[in-house]
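Q: Below: one structure in C-alpha coordinates.
The values are calculated or read from the model by the stated rules, or taken from the named source; none is laboratory data. Please read these numbers as outputs of a predicted model, since none were measured by experiment. For neighbour counting, all protein chains shown are included, and Cβ atoms are generated from backbone atoms with ideal geometry for every residue, glycine included. Calculation scope for accessible area: heavy atoms of the full protein, side chains included, ligands and nucleic acids excluded. Shrake-Rupley method; radii C 1.70, N 1.55, O 1.52, S 1.80 Å.
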Amino acid sequence: MSGTEEYYPLPQPDEVSIREREDAMGAYMMMFAAMAAGLPLPIINFIAAVIYYYINKSKSKFVHFHSLHSLMAQFPTSILNVGLVFWTLRIWLSGWEFSTYCKAYIGMVIIANLLYFIFSIVAAVRARKGRFYYFLFFGRFAYEVVYRVKDESPTSSVNLPPGS
Amino acid sequence: MKEKLFTDLLKLAAVFGAIWAFFYFVPVFPEDDVFEISIENEDKIGDLLVNDILLNSPDITVVSNPILDSAFEVITFRLIENIGLTEYDYTIRVVDSPDINAFTLPGGNIFVFTGLLQFSENPAEVAAVLAHEIGHVERRHVMSKLVKEFGLGLLFSVLAGDVIILGELAKTAISTVFDRRQETEADTYAFELMVKSEINPTAMASFFRRVKRELGGYDENLEILMSHPHYNARIKAAIEHDLPEGFSHREFDLDWERVKSSFSGYESNEF
(Lines give C-alpha, C1' and ligand atoms only; values in the text may rest on other atoms or scores of the structure.)
Protein backbone atom coordinates (compact mmCIF):
# COMPACT_ATOMS: atom_id res chain seq x y z
CA MET A 1 0.00 0.00 0.00
CA SER A 2 2.79 2.43 0.77
CA GLY A 3 5.04 1.42 -2.11
CA THR A 4 5.79 4.28 -4.50
CA GLU A 5 5.57 1.87 -7.43
CA GLU A 6 1.87 1.39 -6.91
CA TYR A 7 0.78 4.74 -5.53
CA TYR A 8 1.58 8.32 -6.34
CA PRO A 9 3.40 10.06 -3.50
CA LEU A 10 1.21 12.12 -1.22
CA PRO A 11 1.83 15.86 -1.39
CA GLN A 12 3.12 17.45 1.80
CA PRO A 13 1.44 20.59 3.16
CA ASP A 14 4.10 22.92 1.74
CA GLU A 15 3.50 21.42 -1.71
CA VAL A 16 -0.22 22.18 -1.74
CA SER A 17 -1.23 25.61 -3.00
CA ILE A 18 -3.69 27.81 -1.14
CA ARG A 19 -6.17 27.45 -4.01
CA GLU A 20 -6.02 23.65 -3.78
CA ARG A 21 -6.49 23.78 -0.02
CA GLU A 22 -9.56 25.98 -0.38
CA ASP A 23 -11.07 23.80 -3.08
CA ALA A 24 -10.45 20.71 -0.94
CA MET A 25 -12.00 22.38 2.09
CA GLY A 26 -14.89 23.54 -0.07
CA ALA A 27 -15.75 19.93 -0.88
CA TYR A 28 -16.68 19.39 2.76
CA MET A 29 -18.16 22.80 3.46
CA MET A 30 -20.27 22.71 0.31
CA MET A 31 -21.92 19.56 1.62
CA PHE A 32 -23.35 21.43 4.58
CA ALA A 33 -24.97 24.04 2.37
CA ALA A 34 -26.23 21.33 0.00
CA MET A 35 -27.52 19.28 2.87
CA ALA A 36 -29.49 22.22 4.26
CA ALA A 37 -30.85 22.96 0.78
CA GLY A 38 -31.66 19.28 0.27
CA LEU A 39 -34.03 19.08 3.18
CA PRO A 40 -36.60 17.62 3.11
CA LEU A 41 -35.45 15.78 -0.02
CA PRO A 42 -31.96 14.62 0.94
CA ILE A 43 -31.20 13.29 -2.52
CA ILE A 44 -30.83 16.88 -3.79
CA ASN A 45 -27.71 17.47 -1.73
CA PHE A 46 -26.25 14.26 -3.06
CA ILE A 47 -26.78 15.44 -6.64
CA ALA A 48 -25.08 18.75 -5.73
CA ALA A 49 -22.16 16.78 -4.28
CA VAL A 50 -21.79 14.76 -7.48
CA ILE A 51 -21.73 17.96 -9.55
CA TYR A 52 -19.10 19.50 -7.25
CA TYR A 53 -17.03 16.36 -7.54
CA TYR A 54 -17.04 16.34 -11.35
CA ILE A 55 -16.13 20.03 -11.51
CA ASN A 56 -13.19 19.67 -9.12
CA LYS A 57 -11.78 16.23 -9.71
CA SER A 58 -9.49 17.31 -12.54
CA LYS A 59 -7.91 20.17 -10.56
CA SER A 60 -5.29 18.17 -8.65
CA LYS A 61 -5.01 14.83 -6.92
CA PHE A 62 -5.24 16.55 -3.54
CA VAL A 63 -8.55 18.22 -4.46
CA HIS A 64 -9.74 15.10 -6.25
CA PHE A 65 -9.11 13.00 -3.13
CA HIS A 66 -10.98 15.33 -0.78
CA SER A 67 -13.90 15.79 -3.19
CA LEU A 68 -14.31 12.05 -3.61
CA HIS A 69 -13.78 11.44 0.10
CA SER A 70 -16.55 13.89 0.97
CA LEU A 71 -18.87 12.60 -1.74
CA MET A 72 -18.44 8.97 -0.70
CA ALA A 73 -18.97 9.78 2.97
CA GLN A 74 -22.15 11.62 2.11
CA PHE A 75 -23.63 8.76 0.12
CA PRO A 76 -24.72 6.49 3.04
CA THR A 77 -25.90 9.48 5.07
CA SER A 78 -28.09 10.60 2.18
CA ILE A 79 -29.49 7.09 1.73
CA LEU A 80 -30.29 6.92 5.46
CA ASN A 81 -31.97 10.35 5.30
CA VAL A 82 -34.02 9.35 2.26
CA GLY A 83 -35.09 6.24 4.18
CA LEU A 84 -36.18 8.39 7.09
CA VAL A 85 -38.24 10.70 4.85
CA PHE A 86 -39.86 7.65 3.20
CA TRP A 87 -40.64 6.01 6.55
CA THR A 88 -42.07 9.23 7.96
CA LEU A 89 -44.33 9.65 4.93
CA ARG A 90 -45.54 6.04 5.25
CA ILE A 91 -46.39 6.61 8.92
CA TRP A 92 -48.16 9.83 8.11
CA LEU A 93 -49.99 8.81 4.94
CA SER A 94 -50.34 5.03 5.14
CA GLY A 95 -50.75 4.51 8.84
CA TRP A 96 -47.54 2.57 9.35
CA GLU A 97 -46.84 1.95 13.00
CA PHE A 98 -44.30 4.19 14.77
CA SER A 99 -42.54 1.06 15.89
CA THR A 100 -39.43 0.40 17.92
CA TYR A 101 -37.66 -0.40 14.63
CA CYS A 102 -38.55 3.07 13.42
CA LYS A 103 -37.39 4.70 16.66
CA ALA A 104 -34.08 2.82 16.47
CA TYR A 105 -33.71 3.89 12.85
CA ILE A 106 -34.30 7.54 13.77
CA GLY A 107 -31.65 7.23 16.49
CA MET A 108 -29.20 5.73 14.02
CA VAL A 109 -29.88 8.44 11.42
CA ILE A 110 -29.33 11.18 14.00
CA ILE A 111 -26.00 9.65 15.06
CA ALA A 112 -24.95 9.10 11.43
CA ASN A 113 -25.65 12.74 10.58
CA LEU A 114 -23.85 13.97 13.69
CA LEU A 115 -20.81 11.82 12.91
CA TYR A 116 -20.87 13.00 9.32
CA PHE A 117 -20.97 16.65 10.40
CA ILE A 118 -18.25 16.33 13.03
CA PHE A 119 -15.85 14.34 10.86
CA SER A 120 -16.50 16.58 7.86
CA ILE A 121 -15.53 19.65 9.88
CA VAL A 122 -12.36 17.92 11.05
CA ALA A 123 -11.58 16.87 7.48
CA ALA A 124 -12.28 20.39 6.17
CA VAL A 125 -9.88 21.91 8.72
CA ARG A 126 -7.23 19.35 7.81
CA ALA A 127 -7.72 19.99 4.11
CA ARG A 128 -7.33 23.74 4.70
CA LYS A 129 -3.98 22.97 6.32
CA GLY A 130 -2.94 20.93 3.29
CA ARG A 131 -3.25 17.66 5.13
CA PHE A 132 -5.12 14.42 4.67
CA TYR A 133 -7.77 12.88 6.84
CA TYR A 134 -9.19 9.41 6.35
CA PHE A 135 -12.69 8.37 7.30
CA LEU A 136 -13.19 4.70 8.02
CA PHE A 137 -13.55 2.89 4.67
CA PHE A 138 -14.17 6.04 2.63
CA GLY A 139 -10.66 7.38 3.22
CA ARG A 140 -9.04 4.20 2.01
CA PHE A 141 -11.45 3.98 -0.92
CA ALA A 142 -10.75 7.55 -2.07
CA TYR A 143 -6.99 7.04 -1.65
CA GLU A 144 -7.21 3.88 -3.73
CA VAL A 145 -9.13 5.60 -6.53
CA VAL A 146 -7.06 8.80 -6.67
CA TYR A 147 -3.52 7.84 -5.72
CA ARG A 148 -3.17 4.38 -7.13
CA VAL A 149 -0.97 4.31 -10.22
CA LYS A 150 -3.06 2.82 -12.97
CA ASP A 151 -1.49 0.72 -15.66
CA GLU A 152 -2.26 2.85 -18.69
CA SER A 153 -0.26 0.96 -21.32
CA PRO A 154 -2.60 0.08 -24.17
CA THR A 155 -3.21 -3.60 -24.59
CA SER A 156 -4.05 -3.27 -28.25
CA SER A 157 -4.06 -0.37 -30.69
CA VAL A 158 -7.26 0.37 -32.45
CA ASN A 159 -6.25 3.43 -34.46
CA LEU A 160 -3.44 2.62 -36.83
CA PRO A 161 -1.61 4.69 -39.55
CA PRO A 162 -2.75 4.23 -43.13
CA GLY A 163 -1.47 1.19 -44.91
CA SER A 164 -0.54 -0.72 -41.81
CA MET B 1 -6.02 -3.39 -0.48
CA LYS B 2 -9.36 -4.93 -1.35
CA GLU B 3 -9.26 -6.98 1.85
CA LYS B 4 -8.56 -3.87 3.91
CA LEU B 5 -11.40 -2.05 2.18
CA PHE B 6 -13.69 -4.96 2.90
CA THR B 7 -12.56 -5.04 6.54
CA ASP B 8 -13.24 -1.29 6.83
CA LEU B 9 -16.67 -1.78 5.33
CA LEU B 10 -17.44 -4.51 7.83
CA LYS B 11 -16.26 -2.28 10.69
CA LEU B 12 -18.50 0.52 9.43
CA ALA B 13 -21.49 -1.82 9.15
CA ALA B 14 -20.75 -3.15 12.66
CA VAL B 15 -20.61 0.38 14.11
CA PHE B 16 -23.96 1.35 12.61
CA GLY B 17 -25.48 -2.02 13.44
CA ALA B 18 -24.41 -1.48 17.05
CA ILE B 19 -25.90 2.03 17.07
CA TRP B 20 -29.20 0.70 15.70
CA ALA B 21 -29.22 -2.15 18.24
CA PHE B 22 -28.52 0.33 21.05
CA PHE B 23 -31.55 2.42 20.14
CA TYR B 24 -33.64 -0.69 19.61
CA PHE B 25 -32.93 -2.29 22.97
CA VAL B 26 -32.38 0.77 25.16
CA PRO B 27 -35.56 2.85 25.53
CA VAL B 28 -33.99 6.22 24.78
CA PHE B 29 -37.14 7.66 23.26
CA PRO B 30 -39.92 8.36 25.74
CA GLU B 31 -42.70 5.79 25.72
CA ASP B 32 -46.27 6.84 25.12
CA ASP B 33 -47.56 8.56 28.27
CA VAL B 34 -50.63 6.34 28.21
CA PHE B 35 -48.56 3.56 29.78
CA GLU B 36 -48.21 5.71 32.89
CA ILE B 37 -51.85 4.94 33.58
CA SER B 38 -52.48 1.38 34.74
CA ILE B 39 -55.40 -0.67 33.45
CA GLU B 40 -56.95 -0.46 36.95
CA ASN B 41 -56.88 3.31 36.79
CA GLU B 42 -58.22 3.24 33.25
CA ASP B 43 -61.12 1.12 34.53
CA LYS B 44 -61.80 3.69 37.25
CA ILE B 45 -61.75 6.58 34.75
CA GLY B 46 -64.02 4.53 32.47
CA ASP B 47 -66.54 3.94 35.29
CA LEU B 48 -66.55 7.63 36.21
CA LEU B 49 -67.12 8.65 32.61
CA VAL B 50 -69.88 6.10 32.03
CA ASN B 51 -71.70 7.25 35.17
CA ASP B 52 -71.31 10.87 34.20
CA ILE B 53 -72.59 10.28 30.66
CA LEU B 54 -75.55 8.19 31.75
CA LEU B 55 -76.50 10.76 34.37
CA ASN B 56 -75.84 13.99 32.56
CA SER B 57 -76.30 13.31 28.85
CA PRO B 58 -79.99 13.41 27.96
CA ASP B 59 -79.19 12.27 24.40
CA ILE B 60 -77.75 9.02 25.61
CA THR B 61 -80.32 6.54 26.82
CA VAL B 62 -79.40 2.92 27.11
CA VAL B 63 -81.80 0.51 25.41
CA SER B 64 -82.35 -2.89 26.93
CA ASN B 65 -84.78 -5.72 26.28
CA PRO B 66 -84.43 -9.51 26.47
CA ILE B 67 -84.22 -10.06 22.71
CA LEU B 68 -81.66 -7.33 22.15
CA ASP B 69 -79.64 -8.28 25.23
CA SER B 70 -79.47 -11.95 24.35
CA ALA B 71 -78.52 -11.13 20.74
CA PHE B 72 -75.68 -8.93 21.95
CA GLU B 73 -74.62 -11.60 24.38
CA VAL B 74 -74.28 -14.07 21.50
CA ILE B 75 -72.28 -11.63 19.35
CA THR B 76 -69.99 -10.31 22.06
CA PHE B 77 -69.41 -13.74 23.58
CA ARG B 78 -68.10 -15.05 20.25
CA LEU B 79 -65.72 -12.10 19.95
CA ILE B 80 -64.56 -11.90 23.54
CA GLU B 81 -63.83 -15.59 23.90
CA ASN B 82 -61.47 -15.23 20.92
CA ILE B 83 -59.61 -12.12 22.12
CA GLY B 84 -57.20 -14.25 24.11
CA LEU B 85 -55.42 -12.65 27.04
CA THR B 86 -57.00 -9.33 27.82
CA GLU B 87 -56.94 -7.08 30.83
CA TYR B 88 -60.34 -5.59 30.13
CA ASP B 89 -63.82 -6.56 31.23
CA TYR B 90 -65.96 -5.54 28.29
CA THR B 91 -69.33 -3.89 28.75
CA ILE B 92 -71.33 -3.21 25.62
CA ARG B 93 -74.36 -0.92 25.77
CA VAL B 94 -76.90 -0.04 23.12
CA VAL B 95 -77.83 3.63 22.94
CA ASP B 96 -81.15 4.85 21.57
CA SER B 97 -80.14 7.14 18.73
CA PRO B 98 -80.76 7.22 14.96
CA ASP B 99 -77.09 7.92 14.26
CA ILE B 100 -75.08 5.18 12.63
CA ASN B 101 -72.39 5.31 15.22
CA ALA B 102 -70.46 3.58 17.95
CA PHE B 103 -67.93 4.88 20.43
CA THR B 104 -65.58 3.56 23.04
CA LEU B 105 -64.84 4.81 26.52
CA PRO B 106 -61.86 3.78 28.67
CA GLY B 107 -61.92 0.47 30.47
CA GLY B 108 -63.63 -1.59 27.74
CA ASN B 109 -66.90 0.34 27.66
CA ILE B 110 -68.37 0.25 24.17
CA PHE B 111 -71.55 2.04 23.09
CA VAL B 112 -73.43 1.09 19.92
CA PHE B 113 -76.27 3.22 18.57
CA THR B 114 -79.60 1.72 17.55
CA GLY B 115 -79.24 3.56 14.23
CA LEU B 116 -76.25 1.41 13.48
CA LEU B 117 -78.16 -1.76 14.36
CA GLN B 118 -81.04 -0.74 12.12
CA PHE B 119 -78.65 -0.02 9.27
CA SER B 120 -76.87 -3.36 9.61
CA GLU B 121 -78.15 -6.25 7.51
CA ASN B 122 -76.88 -9.06 9.68
CA PRO B 123 -75.18 -9.67 13.04
CA ALA B 124 -71.79 -10.19 11.36
CA GLU B 125 -71.74 -6.52 10.38
CA VAL B 126 -72.38 -5.47 13.97
CA ALA B 127 -69.69 -7.91 15.07
CA ALA B 128 -67.30 -6.20 12.64
CA VAL B 129 -68.02 -2.80 14.20
CA LEU B 130 -67.61 -4.24 17.70
CA ALA B 131 -64.33 -5.92 16.72
CA HIS B 132 -63.10 -2.55 15.46
CA GLU B 133 -64.06 -0.85 18.74
CA ILE B 134 -62.42 -3.68 20.70
CA GLY B 135 -59.29 -2.94 18.66
CA HIS B 136 -59.37 0.66 19.91
CA VAL B 137 -59.74 -0.62 23.49
CA GLU B 138 -56.94 -3.18 23.30
CA ARG B 139 -54.58 -0.66 21.69
CA ARG B 140 -55.57 1.93 24.32
CA HIS B 141 -56.39 4.55 21.72
CA VAL B 142 -59.03 6.36 23.79
CA MET B 143 -56.73 6.71 26.79
CA SER B 144 -53.95 7.83 24.51
CA LYS B 145 -56.18 10.59 23.11
CA LEU B 146 -57.30 11.66 26.57
CA VAL B 147 -53.72 11.80 27.82
CA LYS B 148 -52.73 13.92 24.83
CA GLU B 149 -55.74 16.20 25.23
CA PHE B 150 -55.76 16.69 29.01
CA GLY B 151 -52.35 15.56 30.21
CA LEU B 152 -51.50 12.97 32.81
CA GLY B 153 -51.82 15.37 35.72
CA LEU B 154 -55.45 16.17 35.03
CA LEU B 155 -56.37 12.51 34.62
CA PHE B 156 -54.74 11.65 37.92
CA SER B 157 -56.61 14.50 39.59
CA VAL B 158 -59.86 12.96 38.30
CA LEU B 159 -58.80 9.68 39.87
CA ALA B 160 -58.09 11.52 43.10
CA GLY B 161 -61.71 12.74 43.19
CA ASP B 162 -61.69 15.94 41.19
CA VAL B 163 -64.93 15.60 39.22
CA ILE B 164 -65.12 19.15 37.91
CA ILE B 165 -63.65 18.33 34.52
CA LEU B 166 -65.41 14.98 34.25
CA GLY B 167 -68.05 16.39 31.90
CA GLU B 168 -65.43 17.86 29.61
CA LEU B 169 -63.52 14.59 29.71
CA ALA B 170 -66.67 12.65 28.80
CA LYS B 171 -67.48 15.00 25.92
CA THR B 172 -63.97 14.59 24.52
CA ALA B 173 -64.04 10.81 24.95
CA ILE B 174 -67.32 10.52 23.05
CA SER B 175 -66.28 12.76 20.20
CA THR B 176 -62.78 11.41 19.89
CA VAL B 177 -61.65 11.14 16.31
CA PHE B 178 -58.82 8.73 15.97
CA ASP B 179 -55.94 9.36 13.64
CA ARG B 180 -55.28 7.33 10.56
CA ARG B 181 -52.68 5.12 12.20
CA GLN B 182 -55.05 4.25 15.04
CA GLU B 183 -57.90 3.47 12.63
CA THR B 184 -55.63 1.16 10.66
CA GLU B 185 -54.47 -0.53 13.86
CA ALA B 186 -58.06 -1.04 15.01
CA ASP B 187 -59.06 -2.39 11.58
CA THR B 188 -56.16 -4.82 11.51
CA TYR B 189 -56.99 -5.97 15.02
CA ALA B 190 -60.65 -6.36 14.02
CA PHE B 191 -59.86 -8.47 10.95
CA GLU B 192 -57.71 -10.84 13.01
CA LEU B 193 -60.29 -11.09 15.77
CA MET B 194 -63.06 -11.73 13.26
CA VAL B 195 -61.10 -14.51 11.59
CA LYS B 196 -60.46 -16.13 14.99
CA SER B 197 -64.17 -15.79 15.72
CA GLU B 198 -65.12 -17.44 12.41
CA ILE B 199 -66.54 -14.22 11.00
CA ASN B 200 -65.50 -13.24 7.52
CA PRO B 201 -63.88 -9.74 7.54
CA THR B 202 -65.80 -8.95 4.36
CA ALA B 203 -68.74 -8.22 6.69
CA MET B 204 -66.96 -4.95 7.53
CA ALA B 205 -66.45 -4.22 3.84
CA SER B 206 -70.09 -4.81 2.99
CA PHE B 207 -71.20 -2.56 5.85
CA PHE B 208 -68.87 0.28 4.83
CA ARG B 209 -69.75 -0.14 1.18
CA ARG B 210 -73.44 0.20 1.91
CA VAL B 211 -72.78 3.26 4.07
CA LYS B 212 -70.89 4.78 1.19
CA ARG B 213 -73.56 3.87 -1.35
CA GLU B 214 -76.56 4.92 0.67
CA LEU B 215 -75.13 7.90 2.49
CA GLY B 216 -72.84 9.05 -0.29
CA GLY B 217 -69.60 8.96 1.64
CA TYR B 218 -68.59 10.92 4.65
CA ASP B 219 -71.35 11.77 7.08
CA GLU B 220 -70.98 13.81 10.23
CA ASN B 221 -72.81 11.11 12.17
CA LEU B 222 -70.14 8.60 11.27
CA GLU B 223 -67.23 10.28 12.93
CA ILE B 224 -66.18 7.22 14.85
CA LEU B 225 -66.42 4.73 12.04
CA MET B 226 -65.39 7.02 9.25
CA SER B 227 -62.72 9.19 10.77
CA HIS B 228 -61.05 9.47 7.44
CA PRO B 229 -62.53 10.12 4.06
CA HIS B 230 -60.40 7.54 2.25
CA TYR B 231 -62.23 4.52 3.56
CA ASN B 232 -62.07 2.83 0.17
CA ALA B 233 -58.69 1.61 1.39
CA ARG B 234 -60.34 0.18 4.49
CA ILE B 235 -62.94 -1.65 2.41
CA LYS B 236 -60.16 -3.02 0.23
CA ALA B 237 -58.14 -4.11 3.28
CA ALA B 238 -61.16 -5.97 4.67
CA ILE B 239 -61.74 -7.80 1.40
CA GLU B 240 -58.07 -8.62 0.89
CA HIS B 241 -57.36 -9.74 4.44
CA ASP B 242 -55.64 -13.15 4.32
CA LEU B 243 -57.87 -15.94 5.50
CA PRO B 244 -56.26 -19.05 6.95
CA GLU B 245 -56.55 -22.29 5.05
CA GLY B 246 -59.81 -24.05 5.78
CA PHE B 247 -61.47 -20.90 7.11
CA SER B 248 -65.23 -20.96 7.05
CA HIS B 249 -67.63 -18.28 8.10
CA ARG B 250 -70.02 -19.34 10.85
CA GLU B 251 -73.35 -17.53 10.78
CA PHE B 252 -74.88 -16.23 14.00
CA ASP B 253 -77.95 -18.16 14.95
CA LEU B 254 -80.08 -15.03 15.34
CA ASP B 255 -83.23 -13.71 13.74
CA TRP B 256 -81.74 -10.31 13.01
CA GLU B 257 -84.96 -8.68 11.79
CA ARG B 258 -86.64 -9.73 15.03
CA VAL B 259 -83.75 -8.24 17.01
CA LYS B 260 -84.07 -4.99 15.08
CA SER B 261 -87.79 -4.80 15.64
CA SER B 262 -87.36 -5.43 19.36
CA PHE B 263 -86.57 -1.81 20.12
CA SER B 264 -88.75 1.07 19.10
CA GLY B 265 -86.56 2.30 16.39
CA TYR B 266 -86.05 3.83 13.10
CA GLU B 267 -86.81 2.43 9.72
CA SER B 268 -83.68 1.44 7.90
CA ASN B 269 -84.99 2.98 4.66
CA GLU B 270 -84.93 6.44 6.19
CA PHE B 271 -81.28 6.67 5.19
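Q: Can you give me the angle between helix A:138-147 and the longest principal axis of chain A, using Cα atoms only, in degrees from 0 to 90, rounded to the nearest 10?
A: Helix A:138-147 sits at roughly 20 degrees to that axis.
Q: If I fit a long axis through the Cα atoms of helix A:43-56 and take the longest principal axis of the Cα atoms of chain A, what angle between them do I get, 0 to 90°, rounded to 10?
A: Helix A:43-56 sits at roughly 10 degrees to that axis.
Q: Translational diffusion coefficient of chain B at 20 °C, 1.002 mPa s, Stokes-Einstein with Kirkwood Rh over Cα pairs, in µm²/s as a whole number.
A: Working: Rh = 20.4 Å.
Here the translational diffusion coefficient equals 105 µm²/s.
Q: Still on this model: Which order do you get for B:ARG139, A:ARG148, B:ARG78, A:ARG21 if you rank them by accessible area with a 1.4 Å probe, largest at the top?
A: Of B:ARG139, A:ARG148, B:ARG78, A:ARG21, the descending order of accessible area is B:ARG139, A:ARG148, A:ARG21, B:ARG78.
Q: Which semi-axes, in whole Å and largest first, does the equivalent ellipsoid of segment A:1-90 have when worked out from the alpha carbon gyration tensor as the square roots of 5 times its eigenvalues? Numbers along the way, then the final one.
A: Values: eigenvalues 190, 43, 16 Å².
Ellipsoid semi-axes (Å, largest first): 31, 15, 9.
Q: Sticking with this one: Quick check: residue separation of B:PHE25 and B:LEU5 times 0.36 nm, minus the Cα distance between them. What number comes out in nm?
A: Gain on extension, B:PHE25 to B:LEU5, equals 4.2 nm.
Q: Using only the alpha-carbon atoms, what does chain A span along each of its principal axes? Please give whole angstrom values in decreasing order.
A: That works out to 71, 47, 28 Å along the principal axes.
Q: With the Cα gyration tensor of the protein assembly as shown in hand, convert its eigenvalues to equivalent ellipsoid semi-axes via √(5λ) and list them largest first in whole Å.
A: Result for the protein assembly as shown: semi-axes of 65, 25, 18 Å.
Q: Take B:GLU87, project a point 7 Å from its Cα along the Cβ direction, then tell me which residues of segment B:122-149 have their backbone nitrogen under 20 Å from it.
A: The answer is B:133-149, whose backbone nitrogens lie closer than 20 Å to the label point.
Q: On to the next question. Heads up, I need the accessible area for A:MET31: 1.4 angstrom probe, whole protein in place, Å², nearest 10.
A: 0
Q: So what is the relative contact order of chain A, in percent, for Cα pairs below 8 Å that sit 6 or more residues apart?
A: Working: 162 pairs, mean separation 54.1, N = 164.
This gives 33 percent for chain A.
Q: How far, in degrees from 0 to 90, does helix B:39-56 lean away from the longest principal axis of the Cα atoms of chain B, to the nearest 10?
A: 30
Q: How large is ³J(HN,Hα) for each residue in segment B:193-204, as worked out from phi by the Karplus curve 6.51 cos²θ - 1.76 cosθ + 1.60 (θ = phi - 60°), to whole Hz, x for Gly and Pro?
A: Going residue by residue, I get 5, 5, 4, 4, 8, 6, 10, 6, x, 5, 4, 5 Hz, with x marking Gly and Pro.
Q: Within 10 Å of each Cβ in B:10-19, how many Cβ atoms from other chains are there, averaged over the peptide? Can you show the working numbers first?
A: On the way: counts 1, 2, 5, 2, 0, 4, 7, 1, 1, 8.
Taking all residues of B:10-19 together, the mean is 3.
Q: Would you mind telling me the share, in percent, of accessible area of the protein assembly as shown contributed by carbon and sulfur at probe 1.4 angstrom?
A: Exposed carbon and sulfur together represent 59 percent of the surface.
Q: Roughly how much accessible area, to the nearest 100 Å², goes out of reach of solvent when B and A pair up, both sides summed, probe 1.4 Å?
A: Values: alone 14360 and 10380 Å², together 22590 Å².
Protein heavy atoms only, the B-A interface buries about 2200 Å².
Q: Give me the base-10 log of I(q)/I(0) for segment B:115-178 at each q in 0.20 Å⁻¹, Debye formula, one uniform scatterer per Cα, rounded to two decimals.
A: -0.83
Q: Additional query: Working with all protein chains in place, sort B:SER197, B:SER261 by solvent-accessible area computed with a 1.4 Å probe, largest first.
A: B:SER261, B:SER197
Q: At 1.4 Å probe size, what's the solvent-accessible area of B:ARG209? Round to the nearest 10 Å².
A: Approximately 110 Å² for this residue.
Q: Next up: Quote the accessible area belonging to B:VAL177 in square angstrom, nearest 10, computed with a 1.4 Å probe and with ligands, DNA and RNA left uncounted.
A: Accessible area of B:VAL177: about 60 Å².
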